[in-house]
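Right, one structure below, let's go through it.
Each reported figure results from applying straightforward, stated rules to the coordinates on display, with no laboratory input. Computed from a predicted model, the values in this text were never measured in an experiment. Methodologically, a virtual Cβ is constructed for each residue, glycine included, from the backbone with ideal geometry; neighbour enumeration extends over all protein chains shown.
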């Protein structure tokens, strides 16, 4: 199954679907926050121009089979965040609008995309890289059945700061 075959994934009380041009204003609402700017490679501030550029990158990455980016919804329409799967490395990423936190949406989205990676894409392992002090994100992957690996932390420099990422894995 290719990424273009996936129109949506449903399970765990949520619907993951492709982003559309109509979602760019909502992307700004969801992703223009200090914590998303701090913890992700998304630009900050995240304005309409950034949203349009991000959507173009998403569509290009999906068309080329590199990544799958899906909006997290409960109704198939209104995005509350995003979950992504790098189809080359098996790594995931996610972000949720501040208004929607504490509802278990990201945990459910991570479980759903991980199930899809294992069952439909035959990926034996799915990975997440998380900063050691990002307790909310660690709780998400733990709740989805990921375990911390014994790999050495990866040092990353982005947006003028250097930090370490620990690798978590979910095995089929």
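If the convex hull of the alpha-carbon atoms of the range 3-123 is projected onto planes in all directions, what is the mean projected area in square nanometres?
On the way: hull surface 27.0 nm².
Answer in nm², one decimal: 6.8.
For residue 147 and residue 89 in one chain, what is 0.36 nm times their gap in residues minus the Cα-Cα distance, to one decimal in nm? Can you show the working numbers first?
On the way: separation 58, 0.36 × 58 = 20.88 nm, distance 1.71 nm.
That works out to 19.2 nm of additional length.
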If each of residue 139 and residue 44 carries a label point 7 Å out from its Cα toward its Cβ, how far apart are those two points in nm? 2.0 nm
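Relative to the present Cα-Cα distance, how much length would full extension add between residue 66 and residue 8 at 0.36 nm per residue of separation?
19.2 nm
More than 26 angstrom separation, counting every C-alpha pair in the range 62-172; what % is that?
Working: 1045 of 6105 pairs.
Above the 26 Å cut-off, the range 62-172 has 17 percent of its Cα pairs.
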Taking Cα centroids, how far is the range 1-80 from the range 98-172 in Å? 17 Å
In nm, the gap between the two label points placed 7 Å beyond Cα toward Cβ at residue 125 and residue 156 is 1.7 nm
Pairwise FRET efficiency - residue 164 versus residue 98, Cβ, R0 = 30 Å, nearest 0.05: 0.75
Distance histogram in 5 Å bins (all Cα pairs of the range 1-54, percent per bin): 4, 18, 21, 18, 19, 16, 5, 0
